[in-house]
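Notes for the one structure printed next.
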Amino acid sequence: MRLIHTVPAISEEASGPSYSVVRLCDSLIAAGQDVTLTVLDWAPMLSQPSFLKAFPLGMGPRKLGRSPMMRKWLREQAESRSVDLIHNHSLWMMPNVYPGIIARDHGIPLIVSPRGTLSEWAMQSGSLVKKMFWPMLQQPALKGAACFHATAESEYKDIRRMGFDQPVAIIPNGVDIPDPRPREQTDTRRLLFLGRVHPKKGLDLLLPAWQKVQDKFPKWRLQIAGPDNNGYLGQMQHLASRLNLQRIDFVGPLKGRQKWQAFQEAELFVLPTYSENFGMSVAEALAAGVPAIVSKGAPWEGVAHRKAGWWIDIGVNPLVACLNEALSQTPDVLHVMGQRGRSWMVAEFSWKTLGQQMAETYRWILYGGTKPEWVIEK
């Protein structure tokens with residue numbers, strides 16, 4: 001199959017769509033598919049994937065992401081029938097609008113992965129421009145989609161809540177499994193948050209919760225790792241100072257080996273998020289053998305069912321109660337929990353398996369036949 005994937009941009013920082021979309025393309029190519037990934041050429045990449053095709057920004061606000069050259073190229077591919085299916089990832093920028101228009105005009109099947117952009121939190125936050133963008137451009141570009149892709153059941157519900165009745169393939173993101181490495185025993189025990197320092201991630205809940213438990217657990221240290229989002233890091237550092245937090249480190253973004261080393265050195269991972277369509281950092285923590293505390297803003301009920309962590313209500317008080325329990329566990333208990341999570345990731349979240357599922361979904365869209373079991377029709 002000749003496939004074009006579109007996403008506004010990817011960056012050297014391998015997280016979120018920059019990781020999951022690229023690895024999905026990798027897995028499809030490994031399964032024998034012909035894949036091109038189109039992006040805007042606005043983020044530095046030291047080592048671009050061979051299947052990447054980048055286009056320059058045109059005139060207009062950067063947030064809009066206009067690229068006449070991207071639109072022209074996509075239209076040429078459709079007109080020449082050089083593509084069998086277009087798969088768009090994310091919403092709210094022109095590279096997420098072009099595929100819908102071109103697929104509709106030329107009868108090319110379109111599959112759409114919202115990547116969390118249709119959650120209630122996402123739809124309620126944003127500028128006036130976003131509220132205008134939806135009815136004028138984004139919603140019409142989605143109406144003709146042949147299928148949606150959700151990474152979890154919660155995202156499937158978001159798609160239905162927004163009124164779309166097309167089939168939805170529920171296929172999670174995959175995760176790379178690092179080689180197991182023994183954790184060095186030290187006097188300091190580490191609780192790790194790793195992700196964008198963004199309002200939706202729940203750091204405004206984590207810091208007050210840490211204030212309430214820090215004196216009770218003097219051996220534990222909280223590490224906040226991740227890139228700043230529009231100055232929110234400074235706000236959180238100010239909050240930490242105002243709360244007189246102890247044993248807390250803001251270490252900035254961690255990539256590659258540094259990221260996996262942070263997981264290796266942590267005994268516990270925490271993500272008290274308000275909204276996630278998947279939560280890649282949770283999968284990475286579990287793959288590294290680290291038990292996770294995750295709020296119900298992320299679709300990770302399985303961590304509790306599999307005794308690999310805790311899945312808790314959103315809020316300071318539920319987080320304090322959970323931290324009191326989790327930080328009381330011995331290293332051996334947390335290690336066993338982490339190994340349960342790692343085994344789960346190995347069994348069900350390999351990129352090879354998920355790439356094969358996506359390819360089968362494409363074949364069903366293009367050629368019909370028996371519906372894949374992970375596709376839900378209304």
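Values in this text are rule-based calculations from the coordinates and carry no lab data. Everything numeric here is computed off the predicted structure, so don't read it as measured data. Here Cβ is always computed from backbone atoms with ideal geometry, including for glycine, and neighbour counts include all displayed protein chains.
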Legend entry - Label-point separation, HIS106 to ARG247 (7 Å along Cα→Cβ), nm: 5.9
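Over 23 Å between C-alpha atoms is what I'm after, so list which of LYS130/LYS378; LYS63/LYS259; LYS63/LYS201 land there.
On the way: LYS130/LYS378 28 Å; LYS63/LYS259 28 Å; LYS63/LYS201 21 Å.
Over 23 Å apart, Cα to Cα: LYS130/LYS378; LYS63/LYS259.
Run the numbers on the chain and let me know its relative contact order in percent, using alpha-carbon pairs under 8 Å that are six or more apart.
Details: 715 pairs, mean separation 61.8, N = 378.
Reported relative contact order: 16 percent.
To the nearest 20 Debye, how big is the dipole of the chain about its Cα centre, given +1 on the beta carbon of each Lys and Arg and -1 on that of each Asp and Glu? Walk me through the numbers before you get to the answer.
Working: 43 positive and 34 negative charges, 124 e Å.
The calculation lands at about 600 debye.
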Inset, instruction - Extending each Cα 7 Å along its Cβ direction at LYS212 and SER80, get the distance between those two points in nm, one decimal. - result: 6.1
Inset, instruction - Using Cα centres only, tell me the gap between region 207-282 and region 339-353 in whole Å. - result: 25
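With the cut-off at 1.5 for a/c, could you classify region 189-348 from its C-alpha gyration tensor as rounded, prolate or oblate?
Because its axes are fairly even, with a/c under 1.5, region 189-348 counts as rounded.
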Inset, instruction - Give me the percent of DSSP beta bridges within the chain that run antiparallel, rounded to the nearest 5. - result: 5
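Where the only charges are on Cβ atoms (+1 Lys, Arg; -1 Asp, Glu), what is the dipole of region 189-348 about its Cα centre, to the nearest 20 debye?
So the dipole magnitude of region 189-348 works out to roughly 240 debye.
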Inset, instruction - Starting from the amide H of CYS147, placed 1.01 Å from N in the peptide plane, find each other amide H under 5 Å away whose residue is 5 or more places distant or on another chain. - result: LEU110, VAL112
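Restricting things to alpha carbons, find the Rg to Rh ratio for the chain using the Kirkwood radius for Rh. Before the final figure, lay out the partial values.
Working: Rg = 21.1 Å, Rh = 21.6 Å.
Using Cα coordinates only, the ratio equals 0.98.
Just order 173-184, 234-245, 64-75 by mean Cβ neighbour count inside 10 Å, highest at the front, would you? Could the numbers behind the result be given before it?
Numbers: 173-184: 15.5, 234-245: 13.9, 64-75: 19.0.
Result, highest mean Cβ count within 10 Å first: 64-75, 173-184, 234-245.
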Inset, instruction - Give the angle, between 0 and 90 degrees and rounded to the nearest 10, that separates the Cα long axis of helix 256-265 from the longest principal axis of the Cα atoms of the chain. - result: 30
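Write down the Å³ per residue value for the convex hull defined by the alpha carbon atoms of region 42-197. Could you put the intermediate results ahead of the total?
Numbers: hull volume 29.2 nm³, N = 156.
Value for region 42-197: 187 Å³ per residue.
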Inset, instruction - In whole Hz, with x marking every Gly and Pro, tabulate ³J(HN,Hα) for region 113-123 from phi via Karplus 6.51 cos²θ - 1.76 cosθ + 1.60, θ = phi - 60°. - result: 9, x, 6, x, 7, 9, 5, 4, 4, 5, 6
